[in-house]
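One structure below.
The values are calculated or read from the model by the stated rules, or taken from the named source; none is laboratory data. Bear in mind that the values here come from a model prediction, so they are computed numbers and not experimental data. Don't worry about glycine lacking a Cβ; one is built from the backbone with ideal geometry, like all the others, and counts go over all protein chains shown.
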Amino acid sequence: MLGTWDPPLLSAPHRLFFLLGGLQLVLCILFWLVVLTGLYIPAVPVLPLTVNAMSAHLFLMLYGLFIFFVFGFLLTVFPRWLDTAEVDRCRYALMAALLTVGMGAYYLGLFTSRNVALIGTGLFVGGWGVGLWTLAGIWRCSNRGDKRFALFPFGCVTLGGIGAVSHALWLWTSQDELLVIAGAVGLWLYLVPLVIVISYRMIPFFSSRVLTPYVAIKPRWTLPATLICVLAHFGLTLFDKPEWLFLCDLPLAAIGAWHSYRWGLWRSLRVPLLGMLHLSFAWLAVAMALYAIQSLLQWTRSPLDLGLAPLHALAIGFVTSMLVAMASRVSLGHSGRPLRADRITLWAFAAVQLATIARVLAEFPWPGHGYAYLGLVLAAALLWLAAFIPWGLHFGTIYCRPRVDGVPG
C-alpha cells in the first residue's frame with residue numbers, strides 16, 4: 001500500500017520523524033508545565049500521576065523526544081554515508097508508528113495506570129529496536145572499506161535503547177537503581193557523546209563551506225580525550241562520586257572552549273545558520289564548567305550548590321540548541337531551499353537560548369528564592385513553547401510539501 005501511495009511526508013525518513021519530533025517538543029513541556037503549575041500554584045489542581053513526575057520528565061526528555069530526530073537524521077544519512085539503497089518506507093513508517101503509539105500510551109498511562117505506561121514503553125522500545133535493526137542492516141550491506149566510523153553513532157543509539165529498557169524495567173520492578181542507570185546512560189552514553197561526535201564531524205565541514213579562508217581544525221587526540229572525559233563522568237555519576245567530577249569536567253570544558261575558539265565561533269556569527277551550530281557547541285564548555293564548579297563546591301564541602309543548573313545548561317543549551325541548528329539545516333537543505341535562517345528559525349534558536357539562561361539562573365539563590373525559582377522555571381517552559389510551536393508549524397508544512405527544486409526526497 002505504501003509502495004504506491006507517495007505523499008511528500010514519506011518521501012524521506014527525516015520528514016516523518018522530524019514532524020513527530022516537533023510534536024514531541026511541544027507535548028513534553030506541556031506535560032511538565034501542567035505538573036509545575038499544579039505543584040507550585042495553589043489555584044491550579046494537582047493532577048495525580050501513576051509515575052513519579054520527575055522520573056517521567058527525565059524519560060520524556062532523554063528518550064521520548066530526541067530519538068525522533070536521531071532516527072530521522074541517521075536513516076537519511078546512513079545510506080549516503082555508506083553508499084547503500086535508501087531505507088524502505090514501510091520499514092521506517094513501522095518504526096515511527098511504534099514509537100508514536102508507544103509515546104501516546106505512555107502519556108495515557110501517566111494519568112491512568114502504571115501498567116499502561118509500561119506497555120507504552122514496551123512499544124516504544126520495540127520501535128527503537130526496529131530502528132537499530134534497520135541501521136545495522138544498512139551497515140552490513142555496505143561495501144565501503146572505511147565504514148567503521150558509522151559504528152559510533154550506531155553504538156550511542158544502541159546504548160540509548162538499553163537506557164530506555166532500564167526505564168521500562170523500573171516501571172515493572174520499582175527498583176530505583178534502574179532509574180539511576182536510565183538517567184546516566186541516557187545523558188552520558190547516548191545523547192552527549194552522539195551530539196559531540198556529530199558536532200566534531202559536521203561543524204568544521206559546514207564552516208569550511210561558508211567561511212573563506214578556513215582551515216578545519218580536527219586534531220586526532222581531542223575527540224578521544226573528550227569521549228574519555230564523558231565516560232569518566234558517566235562512571236563517577238553511576239557510582240555517586242560527584243565531588244570528583246571536576247577531574248574530568250575541567251578538561252572537557254577546556255577542550256570544548258578551545259574548539260569553539262579554533263573553529264571560528266566569532267567568525268561564524270556572520271552567517272546565522274552556521275553561527276547557530278557554533279553557539280550550540282559553545283554551551284558544552286559552559287555546562288562542563290558549571291559541572292566542575294559544582295563538583296569543587298562539593299569537594300570543599302561548601303554550603304553553596306548549583307542544583308540542576310549544569311544539567312540544564314547541557315541538556316537545553318548544548319543538546320537542544322544543537323537539535324534546532326542541525327534539524328533546521330537538514331530540513332532546509334533536504335527540501336531544496338537556500339541554507340539561510342529565516343525569522344522563525346532565528347526566533348526559535350534565540351528563545352531556546354533565553355530558556356536555557358532562565359532555567360540555569362533558576363538554580364541560583366536569589367532573594368525571595370522560592371518565587372524567583374518558580375518564575376524562572378515557568379519562564380523557561382513558556383520560552384520553550386514559544387520557540388517550538390512556531391518552529392514546528394513552520395517546518396511541519398515543509399515536510400508535507402514536495403521539494404521546491406523538484407528533486408525527489
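Here is a yes/no grid of residues against (1) of a type in the set (A, V, I, L, M, F, W, C); (2) at pLDDT 95 or above; (3) assigned to a loop (DSSP other than H, G, I, E, B):
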position	(1), (2), (3)
THR76	no, no, no
ARG80	no, no, no
LEU94	yes, yes, no
TYR107	no, yes, no
ASN115	no, yes, no
LEU132	yes, yes, no
LEU151	yes, no, no
VAL165	yes, yes, no
ILE181	yes, yes, no
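So how many residues does region 194-231 have that are surrounded by 15 or more Cβ atoms within 10 Å (Cβ to Cβ), aliphatic (A, V, I, L, M) and within 23 Å of PHE66 (Cβ to Cβ)?
Of the residues in region 194-231, 10 are surrounded by 15 or more Cβ atoms within 10 Å (Cβ to Cβ), aliphatic (A, V, I, L, M) and within 23 Å of PHE66 (Cβ to Cβ).
Can you find even one residue in region 6-24 that is surrounded by 14 or more Cβ atoms within 10 Å (Cβ to Cβ), over 18 Å from the mean Cα position of the chain (by Cα), in a helix (DSSP H, G or I) and without any contact (Cβ under 8 Å) to a residue 12 or more places away in the chain?
No; the residues of region 6-24 include none that is surrounded by 14 or more Cβ atoms within 10 Å (Cβ to Cβ), over 18 Å from the mean Cα position of the chain (by Cα), in a helix (DSSP H, G or I) and without any contact (Cβ under 8 Å) to a residue 12 or more places away in the chain.
Limited to region 294-323, what total is found for residues that are surrounded by fewer than 18 Cβ atoms within 10 Å (Cβ to Cβ), aliphatic (A, V, I, L, M) and modelled with pLDDT of 95 or more?
3
What residue, of TRP244, TRP263, is at pLDDT 95 or above, surrounded by fewer than 18 Cβ atoms within 10 Å (Cβ to Cβ) and out of contact with any strand residue (DSSP E or B) (no Cβ under 8 Å at 6 or more places or on another chain)?
TRP244
Filter region 265-310 down to the residues that are without any contact (Cβ under 8 Å) to a residue 12 or more places away in the chain and assigned to a helix (DSSP H, G or I), then identify the one that is farthest from THR345 (Cα to Cα).
Looking at residues that are without any contact (Cβ under 8 Å) to a residue 12 or more places away in the chain and assigned to a helix (DSSP H, G or I), I get LEU297.
Check off (1) surrounded by 21 or more Cβ atoms within 10 Å (Cβ to Cβ); (2) closer than 30 Å to GLY333 by Cβ for GLU363 and give me the number that stays unchecked.
Tallying (1) surrounded by 21 or more Cβ atoms within 10 Å (Cβ to Cβ); (2) closer than 30 Å to GLY333 by Cβ, GLU363 fails exactly one: (2).
Being more than 21 Å from PHE124 (Cβ to Cβ) and either surrounded by fewer than 23 Cβ atoms within 10 Å (Cβ to Cβ) or at pLDDT 95 or above (or both): is that true of GLY3 here?
yes
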